[in-house]
Amino acid sequence: MRQPYNRTIVISQNGGPEVLQLTEQRLSKPRAGELRVKVLASGVNFVDIYQRTGLYPVALPYVPGREMCGVVDAVGKDVGGFAEGDLVATATAGSGCYAEYVDVAADKLVKVPRGFDPHQVAGMMLKGMTAQYLLRQVYRVSADDTLLVHAAAGGVGQLMVQWAKALGATVIGTVGSAAKAKLARELGCDHVIDYSRTDFVKAVKKITQGEGLPVVYDSVGAATFPGSLDCLRPFGLFVSYGNASGPVPPFSPALLAEKGSLFMTRPTLFDFVRTPEQLQAVASDLFKVVKQGKVKVRVSATYPLADAARAHADLEARRTSGSIVLVPEQV
Ligand SMILES: NC(=O)c1ccc[n+]([C@@H]2O[C@H](COP(=O)([O-])OP(=O)(O)OC[C@H]3O[C@@H](n4cnc5c(N)ncnc54)[C@H](OP(=O)(O)O)[C@@H]3O)[C@@H](O)[C@H]2O)c1
């Protein structure tokens with residue numbers, strides 16, 4: 001008989017990893033337009049940390065988790081195209097994926113093609129669709145480009161490096177340790193800079209013989225600003241898409257003129273998958289490059305759902321590489 005409870009991680013106040021508490025909630029019926037999904041694995045993302053600490057405010061109490069892969073367990077009214085037992089995934093659920101069951105709007109779900117492992121899918125949807133829009137939409141990377149990916153051994157970073165290589169680009173990756181440098185080389189980075197030991201701006205200037213880059217992908221934020229601007233050639237594009245070390249401080253637009261008539265964008269995935277059609281297109285592109293073996297998804301650690309706090313502590317302390325996922329215990 002199906003259990004009437006849903007074990008769920010809840011945040012009742014902002015703070016450190018310890019505010020992630022395991023609770024039991026009554027299992028609800030999915031509302032019209034929604035499906036209840038039994039979660040097989042949920043992805044842990046840096047955005048979950050920003051929400052936990054309060055950098056990105058959320059209404060409390062809050063169930064974190066925007067990304068998961070699971071099996072359709074119940075179908076609400078007015079939902080077409082899905083049936084119980086379908087393997088599905090989301091990266092735009094909004095919240096609620098750190099749980100055994102999550103209700104997700106049908107237009108935020110995609111069906112998982114055959115041959116994909118649910119843990120791999122949970123580790124690739126949000127990060128991989130981010131890589132898609134950054135490399136294929138924000139700036140269309142080509143074989144003529146040399147580009148910089150910060151935190152190249154991280155979750156998004158690993159997928160960015162491999163996808164950019166598949167597009168023929170020359171890739172410079174920064175990393176914070178010797179072990180991650182080895183990993184970044186294995187992923188295909190043409191040049192790896194350990195920015196904990198080396199001035200990455202000088203290194204990029206040397207690699208590009210002073211010319212600078214057309215585009216820099218920066219998810220690190222405070223610690224790599226304004227250095228990232230100094231890596232760009234005139235009219236280059238600064239893509240600031242994250243704040244792992246803290247937010248980029250406020251600055252005058254005149255700085256962009258001073259550094260070479262630069263462009264800047266601060267994009268977010270959710271604007272690139274606003275409609276179901278956009279979501280399907282971006283997800284299909286991702287499934288395709290993974291299926292072709294051009295991009296490999298490395299889930300470096302799995303944690304029981306109850307250990308969500310440990311997963312956050314590891315991600316925050318730079319102890320992880322690739323993707324990490326939470327797995328609800330099977331009962
Ligand atoms: N805008 C969007 O649409 C979007 C979507 C998804 C993700 N993101 C952003 O992409 C970034 C990567 O996300 P992820 O979940 O894949 O995480 P991740 O890259 O696996 O982890 C963050 C990495 O950032 C580096 N880092 C540098 N300084 C740090 C510091 N002071 N504290 C912590 N980490 C530091 C670390 O790598 P090293 O040790 O090698 O320095 C760390 O492993 C995050 O900034 C996230 O917000 C943005």
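Rounded to the nearest 500, what is the 222 nm mean residue ellipticity of the chain from helices alone, with -39500 (n - 2.57) per DSSP H run of 4+ residues and division by all residues?
Working: 11 runs with 90 residues, N = 331.
Dividing the helical sum by the residues of the chain leaves -7500 deg cm²/dmol.
What is the helix-to-structure angle for 155-166, meaning the angle in degrees between its Cα long axis and the longest Cα principal axis of the chain, kept from 0 to 90 and rounded to the nearest 10?
60
Looking only at Ala313, Ala203, Ala254, which one moves most when the chain is put into a Gaussian network model with springs between Cα atoms under 10 Å?
Ala254
Please give the charge dipole size of region 127-269, origin at the Cα centre, charges +1 on K and R Cβ atoms and -1 on D and E Cβ atoms. Round to the nearest 20 debye.
200
Direction-averaged shadow area of the convex hull around the Cα atoms of region 281-331, nm²? Walk me through the numbers on the way to the answer.
Working: hull surface 19.8 nm².
The directionally averaged projection comes out at 4.9 nm².
Using 0.36 nm per residue, how much length does the chain from Glu329 to Arg310 gain when fully extended, once their Cα-Cα distance is taken away?
Result for the pair: 5.3 nm of gain on full extension.
With θ set to phi - 60°, apply the Karplus curve 6.51 cos²θ - 1.76 cosθ + 1.60 along region 302-316 and write out the HN-Hα couplings as whole Hz, x wherever there is a Gly or Pro.
10, 10, x, 3, 4, 9, 4, 4, 5, 4, 4, 4, 5, 5, 5
What percentages make up the Cα-Cα pair-distance distribution of region 1-44 when the bins are 5 Å wide from 0?
Values per bin, smallest distances first: 5, 16, 20, 24, 19, 11, 5, 0.
Considering only Met160, Tyr303, Tyr62, whose Cα is most displaced toward the positive end of the charge dipole of the chain, charges sitting on Cβ of Lys, Arg (+1) and Asp, Glu (-1)?
Met160
Fewest Cβ neighbours within 10 Å first, please rank Val289, Val192 accordingly. Provide the component values of the computation, followed by the final result.
On the way: Val289 19, Val192 22.
Result, fewest neighbours first: Val289, Val192.
Taking the dipole about the Cα centre of region 127-269, with the C-beta of Lys and Arg at +1 and of Asp and Glu at -1, give me whichever of Ser142, Val201, Ser177 is farthest to the positive side.
In region 127-269, that residue is Ser177.
What residue among Gly260, Pro214, Leu126 has its Cα farthest toward the positive end of the dipole of the chain, where the charges are +1 on Lys, Arg and -1 on Asp, Glu, each on the Cβ?
Result: Pro214, furthest along the dipole toward the positive end.
Would you mind ranking Asp86, Asp285 by Cβ crowding within 10 Å, fewest neighbours first?
Asp86, Asp285
As a quick test, which of the pairs Lys206/Lys294; Lys38/Lys296; Lys108/Lys294; Lys206/Lys291; Lys205/Lys296; Lys180/Lys206 have an alpha carbon distance above 32 angstrom in this structure?
Distance filter (> 32 Å) returns Lys206/Lys291.
Between 0 and 90 degrees, rounded to the nearest ten: what's the tilt of helix 276-291 against the longest Cα principal axis of the chain?
70
Assign one of three labels to region 1-102, namely rounded, prolate or oblate, based on the Cα gyration tensor with a ≥ b ≥ c the square roots of its eigenvalues; rounded applies when a/c is under 1.5, prolate when it is not and a/b is larger than b/c, and oblate otherwise.
Values: a/c = 2.14, a/b = 1.72, b/c = 1.24.
Because a/c hits 1.5 or more and a/b exceeds b/c, region 1-102 counts as prolate.
Using only the Cα atoms, what convex hull volume per residue in Å³ does region 127-269 have? Working shown, then result.
Numbers: hull volume 13.5 nm³, N = 143.
It is 94 Å³ per residue.
To the nearest 20 debye, what charge dipole does the chain have about its Cα centre, counting +1 at the Cβ of each Lys and Arg and -1 at the Cβ of each Asp and Glu? Could the numbers behind the result be given before it?
Values: 36 positive and 30 negative charges, 85 e Å.
So the dipole magnitude of the chain works out to roughly 400 debye.
Which distance in Å, rounded to a whole number, links the C-alpha centroids of region 47-77 and region 250-278?
So the separation of the two Cα centres works out to 25 Å.
Considering the chain as a Gaussian network with a 10 Å cut-off on Cα pairs, which listed residue, Val248, Val220, Val39, attains the greatest mean-square fluctuation?
Comparing Val248, Val220, Val39 in a Gaussian network model of the chain, the most mobile one is Val248.
If every alpha-carbon in the chain counts as one equal scatterer, what log10 I(q)/I(0) does Debye give at q = 0.08, 0.13 1/Å?
These q points yield log10 I(q)/I(0) values of -0.37, -0.95.
Between region 79-100 and region 166-220, what is the separation of their alpha carbon centroids in Å?
36
With a sphere of radius 15 Å drawn around the Cβ of Thr174, what net charge do the other residues whose Cβ falls strictly inside it have (Lys, Arg +1; Asp, Glu -1)?
Here the count lands on +3.
For helix 178-187, what angle does its Cα long axis make with the longest principal axis of the chain, in degrees from 0 to 90 and rounded to 10?
Taking the Cα atoms of the chain, the angle to 178-187 is about 80 degrees.
Each value in this text was obtained by applying a stated rule to the coordinates, not by laboratory testing. If you're wondering where the values come from, they're calculated on a predicted model, not measured in any experiment. Because the Cβ atoms are built from the backbone with ideal geometry, glycine has one as well, and the counts that use them run over all protein chains shown.
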